[in-house]
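What follows is a short report on a single structure.
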Amino acid sequence: MPIEILGMIATTPGSEVKELTGPVVDAAYVREFSRAHEDAGFDRILIGYSASSPDGFAVASAALHATENLKVLIAHRPGFVAPTIVARKLATLDHLTGGGRVAIHHISGGSEADQRRDGDFSEKADRYRRTGEFIDVLRRTLVSEEPFDHHGDFYRVEGAYSGVKPATDAGIPIFFGGLSDGAIDVGAKGADVYMLFGEPLADIAEHIRTIRAAAAKEGRTIEFSLSTRPIVAETEEAAWTKADRIYAEAERLLAAKKTGNTLAFAAPTRRERDAVSSERLQQLARRSDVHDERLWTGITRLVGPSGNSTAPVGTPQQVAEALLKYYDLGVTRFLIRGFDPLGDVHHWGEELVPLLREGARLRDEERAAA
């Protein structure tokens, strides 16, 4: 099936190797960054979430109105806004931007400190259960033709009804991520797309088997997305040299006690336990800097738990082939974002994005012929 290629935008320039500068919300940069993704052939962009970053719905609206066809994936933490309200927000934005361009990504919350910034002091296990209930009520609000009641552990509504429904039959796709206890159960029951970080092939294969089996028990099927940070150059040697340069720049930024994290505008008040999915990446990085020939974990080890930080390194052809091996396992969506966020998008549009699409097409043809 056709793959979907996702990017990620921010409201200000920054990354592990680029210190935050300029205004927190740079409207011109948001427009330029969004248009760059559309011009480079991306299908969708993720708008991230934190308790100190700009509002994702507003950013998504700006990105959608700056482009013609580019879709958005709005990261969202259940627990702060009622699911009935979020459903109406999503459906309204869907209508105002042409239909079929809006999706939502549920993050239950891996950082206790960041949850508490917005007043959430719940336990992690409860947050996953709350996410599952949130998705249930959200879905029902988006499709129900009659008012409904819901009395759950976290949400209670009576006569809930949304006059605005999704603008197309595609509805509002629901993405989800997390590997903690309880996460797979929630995703299997409620997600359309399960988002995974860039782990080695064997690990991703095991995650897919486990999640598919859990979804099958619910009578459902589910798709998978993989998030990585490609490092691409004309030759393999040049790509690894580029990786070394990225490492050195990130090390310099850390030593200066500066950050380029475009979602972290407030430092954590205390050290806390890492999210399970992020801790898995740390374990990989401690074992080796390179897995599966070219999956580099150097930045993962250096900067600590930061989620999407593993990087396939090589020529455009080599990186595309490395990612397509995940396609062979069942991954149909690839989220790629760069250490030079805007520059990499331009660069990837020249070769990497077309190579990914063509590689997936050829694989589909081979399977059909077989």
task: Report those helices (runs of 4 or more DSSP H) wholly inside segment 1-112 carrying at least 3 residues which are touching a residue at least 40 places away in the same chain (Cβ under 8 Å) and open to solvent by 40 Å² or more (accessible area, probe 1.4 Å).
output: 83-96
query: Do you know which residues across segment 140-149 are open to solvent by 40 Å² or more (accessible area, probe 1.4 Å) and touching a Pro at 6+ places or on another chain (Cβ under 9 Å)?
result: Arg140, Val143
field: Which numbered condition Glu146 misses (of (1) touching a residue at least 24 places away in the same chain (Cβ under 8 Å); (2) assigned to a loop (DSSP other than H, G, I, E, B))
entry: (1)
query: Hey, does segment 281-302 have a residue that's surrounded by fewer than 20 Cβ atoms within 10 Å (Cβ to Cβ), within 19 Å of the chain's Cα centre (by Cα) and closer than 24 Å to Arg212 by Cα?
result: no
- request: State yes or no: is Arg130 part of a helix (DSSP H, G or I) and either more than 21 Å from Ala51 (Cβ to Cβ) or open to solvent by less than 20 Å² (accessible area, probe 1.4 Å) (or both)?
  value: no
message: Against the condition surrounded by fewer than 17 Cβ atoms within 10 Å (Cβ to Cβ) and at pLDDT 95 or above, how does Gln317 come out, does it pass?
response: yes
message: I'm trying to understand the selection: among the residues of segment 171-187, which are within 22 Å of Leu90 (Cβ to Cβ) and either at pLDDT 95 or above or among the β-branched types (Val, Ile, Thr) (or both)?
response: Gly171, Ile172, Pro173, Ile174, Phe175, Phe176, Val186, Gly187
- request: Could you please tell me which pairs satisfy a Cβ distance under 7 Å, a separation of 6+ or placement on different chains, a first residue in segment 153-166 that is modelled with pLDDT under 95, and a second residue that is outside any strand (DSSP E or B) and open to solvent by 70 Å² or more (accessible area, probe 1.4 Å)?
  value: none
- request: Look at Ala216 and say whether it is free of Cβ contacts under 8 Å to residues at least 24 places away in the same chain, more than 22 Å from Ile336 (Cβ to Cβ) and of a type outside the set (Val, Ile, Thr).
  value: yes
statement: Within segment 152-204, of all residues that are under 16 Å from the mean Cα position of the chain (by Cα) and acidic (Asp, Glu), the one nearest to Lys325 (Cα to Cα) is Glu199
message: For segment 260-273, check the following and say yes or no: at least one residue is surrounded by fewer than 16 Cβ atoms within 10 Å (Cβ to Cβ), part of a helix (DSSP H, G or I) and out of contact with any strand residue (DSSP E or B) (no Cβ under 9 Å at 6 or more places or on another chain).
response: no
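The values are calculated or read from the model by the stated rules, or taken from the named source; none is laboratory data. All of these numbers come straight from a predicted model, not from anything done at the bench. Every residue, glycine among them, receives a Cβ derived from its backbone with ideal geometry; neighbour counts consider all protein chains shown. To get the accessible areas, we keep the full protein, side chains included, count just its heavy atoms, and leave off ligands, DNA and RNA. Shrake-Rupley method; radii C 1.70, N 1.55, O 1.52, S 1.80 Å.
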